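Encoded as structure tokens, the structure appears first; notes follow it.
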Amino acid sequence: MMKKFLIALGGFAFSGAVALVHAQATPTAPAAAPVAELQAGFVKSVRGNVQLLSSAGTPRAASAGDALTAVDRIVTGPDSSAAVVLRDDTTLVVGPSSRLDLKEFHFNATTHEGGVLVSLLRGSMRMITGLIGKANPDAIRVETQTATIGIRGTDFIVQTDGQP
């Protein structure tokens with residue numbers, strides 16, 4: 001009796017393992033985009049109080065190494081700053097008491113084609129353009145409350161008081 005029970009139990013275990021392997025090998029949903037495609041860049045360094053806000057408005061404290069998506073907002077407190085590196089090696093340094101929206105970022109690592117649109121709502125920002133700016137300077141744009149800036153250089157600083 002015990003031998004039949006163990007054989008039956010072993011059969012169930014084997015068929016369960018086969019079903020699990022089959023379920024893992026047969027995708028039921030389309031494959032998601034690679035994580036690197038969803039990630040615009042990462043936070044390189046943080047000093048003081050820096051928050052990242054998702055497109056849904058959910059705030060989280062920023063830390064070095066955090067992923068940045070193409071629609072995140074960076075908010076720095078007084079005496080605070082953050083450095084962000086995008087996938088094309090563009091570097092953004094956000095100064096104290098600033099609000100910066102990364103409104104658009106897309107980049108093809110093979111062709112170096114892409115685009116960057118940032119909106120400086122308040123405070124200051126330094127940008128050192130990466131591969132997108134070198135391949136197509138017109139693809140880099142910075143908005144402020146009163147102007148949209150087309151970038152022709154590779155290293156610049158923008159400051160705004162947030163008042164139109």
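The values are calculated or read from the model by the stated rules, or taken from the named source; none is laboratory data. In this text the structure is predicted, and so the values were computed from the model without any measurement. Please note: Cβ atoms are built from the backbone with ideal geometry, for glycine as well, and neighbour counts cover all protein chains shown. These area figures cover heavy atoms from the full protein model, side chains too; ligands, DNA and RNA do not enter into them. Shrake-Rupley method; radii C 1.70, N 1.55, O 1.52, S 1.80 Å.
Quick rundown of the values:
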| quantity | calculated |
| --- | --- |
| Output for segment 87-109, where each listed residue is part of a strand (DSSP E or B) and open to solvent by 10 Å² or more (accessible area, probe 1.4 Å) | Thr91, Val93, Arg99, Asp101, Lys103, Glu104, Phe105, His106, Phe107 |
| Hey, Gly123 open to solvent by less than 30 Å² (accessible area, probe 1.4 Å) and at positive phi or not | yes |
| Subset tally (residues that are touching a residue at least 24 places away in the same chain (Cβ under 8 Å), open to solvent by 60 Å² or more (accessible area, probe 1.4 Å), in a loop (DSSP other than H, G, I, E, B) and closer than 16 Å to Lys103 by Cβ) for segment 41-86 | 1 |
| Val118 within 12 Å of Asp72 (Cα to Cα), touching a Leu at 6+ places or on another chain (Cβ under 6 Å) and crowded, with 22+ Cβ neighbours inside 10 Å | yes |
| Count - residues of segment 104-125 that are under 24 Å from Arg47 (Cβ atoms) and within 18 Å of the chain's Cα centre (by Cα) | 6 |
